[in-house]
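*Asks:* Before I ask anything, here is the structure I am working with.
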Amino acid sequence: MKRDFIAIADLTREELEEILGLAERLKRELKSGQRTPLVAGKTLAMIFEKPSLRTRVTFQVGMTQLGGYAVYLTPTDIRLGERETVADIARNLDRLVDFIMARTMSHASQLELAKYASVPIINGLSDLLHPCQVLSDCFTVRERRGSLDGQRIAFLGDGNNMANSWIGAAARFGFRFALACPKGYEPDAGVLQAAREDGADVLVTNDPGEALDGADVAYTDVWASMGQEEEAEERKQVFAPFQLNAKAMKAAKSDALVMHCLPAHRGEEVTAEVIDGPASIIFDQAENRLHVQKAILVWLNDQLLRSA
Ligand code: CP
Ligand code: NVA
């Protein structure tokens, strides 16, 4: 059966563990010089409505390492839903490629692509979610700590696509997620409710100290996401008390890790001292995007093969 990777919570814990296990194997093999052609001859279309460094490069390099090929469609190339409908784009591409990865303005476009394409859709970021980043971050935390169980992950900033995906992940893994955000910038109510109904241990507070108290991981992201540039100045004022700096870090455990999905704005959501300090693992996170996304591609491909 065709499966998609649009939200972490769409998969069971066992399925997510399969992907993390595969990522571990692929990373080990790559480090020992092996290139395992697990999607040989297959093609990935990459639709981008927003800019990208990591997502684009890791998917493209990942496909090459797996023996496949990636086609990059720039924001101006196909103009999702504008030059032609999302449904028509899905119905064209699925005759031509084996997977579609899309970074879209609207989450509805992800669901529309998944509905009309017979090939797997991978969400490379939407306004609602960024599941590839967060699954990869789960991999990074597990790699560092041995297990996600019992970890306390604190996130300072916006209740945005990153925060929403962490909440979805908390519904599948055994960590506690605490978000500190300004009033009016809470995460998506539907995502939060669904996660809590699934037993997620999630705290949403307006107090950064409360979120960071005893944290194993201190996470942050930009205050104005792509598409919110016109709100950037206003957000700088509203979010100022939520900066991840040395003083804020005092509330976390003394060996707490510092994480950021990048791109980072030093001096805004995080100080240079903290993000460039010894606790920061931001470039491990960036590298692990490659290994985890390769595993997502291989896993989606395996689902197709199993049902063939
Ligand atoms: N973290 C992340 O998704 O980076 P890009 O926007 O550069 O892809
Ligand atoms: N919240 C950010 C994440 C970037 C990877 C954005 O959507 O721009």
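No lab work stands behind these numbers, since they all come straight from the coordinates. Since the model is a prediction, treat every value here as computed from it, not as a measurement. When we count neighbours, we look across all protein chains shown, and the Cβ atoms used for this are built from the backbone with ideal geometry, even at glycine.
*Asks:* Output the residues belonging to the stretch 79-113 that are of a type in the set (A, V, I, L, M, F, W, C), in contact with a helix residue (DSSP H, G or I) (Cβ under 7 Å, 6 or more places away or on another chain) and surrounded by 20 or more Cβ atoms within 10 Å (Cβ to Cβ).
*Replies:* Leu80, Val86, Ile89, Ala90, Phe99, Ile100, Met101, Ala102, Leu113
Residues checked against (1) in a strand (DSSP E or B); (2) closer than 30 Å to Asp216 by Cα; (3) away from ligand 1 (no atom under 13 Å from the Cβ):
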{"residue": "Gly41", "(1), (2), (3)": "no, no, yes"}
{"residue": "Leu44", "(1), (2), (3)": "yes, no, yes"}
{"residue": "Gln60", "(1), (2), (3)": "no, no, no"}
{"residue": "Asp88", "(1), (2), (3)": "no, no, yes"}
{"residue": "Val97", "(1), (2), (3)": "no, no, yes"}
{"residue": "Ile122", "(1), (2), (3)": "yes, yes, no"}
{"residue": "Ser126", "(1), (2), (3)": "no, yes, no"}
{"residue": "Leu129", "(1), (2), (3)": "no, yes, no"}
{"residue": "Ser136", "(1), (2), (3)": "no, yes, no"}
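*Asks:* Within the stretch 200-234, track down each residue that is free of Cβ contacts under 8 Å to residues at least 24 places away in the same chain and either in a helix (DSSP H, G or I) or of a type in the set (D, E, K, R) (or both).
*Replies:* Answer for the stretch 200-234, where residues must be free of Cβ contacts under 8 Å to residues at least 24 places away in the same chain and either in a helix (DSSP H, G or I) or of a type in the set (D, E, K, R) (or both): Glu229, Glu230, Glu231, Ala232, Glu233, Glu234.
*Asks:* Follow-up question, since we're still on this one. Can you find a residue that is farther than 26 Å from Gly190 by Cα, within 16 Å of ligand 2 (Cβ to nearest atom) and not charged (D, E, K, R) anywhere in the stretch 28-43?
*Replies:* No: zero hits.
*Asks:* Show the residue pairs that are 6+ apart or on different chains and have beta-carbon atoms under 7 Å apart, the first residue being within the stretch 125-147 and under 13 Å from Ala170 (Cα atoms) and away from ligand 2 (no atom under 15 Å from the Cβ), the second being in a loop (DSSP other than H, G, I, E, B) and of a type in the set (Phe, Trp, Tyr).
*Replies:* Here the result reads Cys138/Phe173, each pair linking the stretch 125-147 to a residue that is in a loop (DSSP other than H, G, I, E, B) and of a type in the set (Phe, Trp, Tyr).
*Asks:* Can I ask one more? Would you mind telling me which numbered condition in (1) over 16 Å from Ala45 (Cα atoms); (2) within 14 Å of ligand 1 (Cβ to nearest atom); (3) outside any loop (DSSP other than H, G, I, E, B) Arg142 fails?
*Replies:* (2)
*Asks:* Within the stretch 244-297, count every residue that is part of a helix (DSSP H, G or I) and either within 15 Å of Ala218 (Cβ to Cβ) or not polar (S, T, N, Q) (or both).
*Replies:* Residues that pass the stated criteria total 22.
*Asks:* Here's a follow-up. Taking the residues in the stretch 62-86 that are assigned to a helix (DSSP H, G or I) and of a type outside the set (Gly, Ala, Ser) as candidates, determine which candidate is farthest from ligand 1 (Cβ to nearest atom). Let's see the steps before the verdict.
*Replies:* Step one: list which residues in the stretch 62-86 are assigned to a helix (DSSP H, G or I), which gives 62-65, 75-78, 86.
Now drop any that are not of a type outside the set (Gly, Ala, Ser), which leaves 63-65, 75-78, 86.
Values: Met63: 15, Thr64: 17, Gln65: 18, Pro75: 13, Thr76: 17, Asp77: 17, Ile78: 18, Val86: 21 Å.
If we take residues in the stretch 62-86 being assigned to a helix (DSSP H, G or I) and of a type outside the set (Gly, Ala, Ser), then Val86 is farthest from ligand 1 (Cβ to nearest atom).
Okay, residues lined up against (1) away from ligand 1 (no atom under 16 Å from the Cβ); (2) in contact with a helix residue (DSSP H, G or I) (Cβ under 9 Å, 6 or more places away or on another chain); (3) touching a residue at least 40 places away in the same chain (Cβ under 8 Å):
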{"residue": "Lys236", "(1), (2), (3)": "yes, no, no"}
{"residue": "Leu257", "(1), (2), (3)": "yes, yes, yes"}
{"residue": "Leu262", "(1), (2), (3)": "no, yes, yes"}
{"residue": "Ser280", "(1), (2), (3)": "no, yes, no"}
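*Asks:* So is Arg196 more than 18 Å from the chain's Cα centre (by Cα) and not aliphatic (A, V, I, L, M) or not?
*Replies:* Yes, satisfied.
*Asks:* What number of residues in the stretch 47-58 are within 17 Å of Asp127 (Cα to Cα) and not in a helix (DSSP H, G or I)?
*Replies:* So the answer is 6.
*Asks:* Does at least one position in the stretch 284-307 carry a residue that is within 16 Å of ligand 2 (Cβ to nearest atom), touching a Cys at 6+ places or on another chain (Cβ under 8 Å) and more than 30 Å from Gln60 (Cα to Cα)?
*Replies:* No, there is no match, as no residue in the stretch 284-307 is within 16 Å of ligand 2 (Cβ to nearest atom), touching a Cys at 6+ places or on another chain (Cβ under 8 Å) and more than 30 Å from Gln60 (Cα to Cα).
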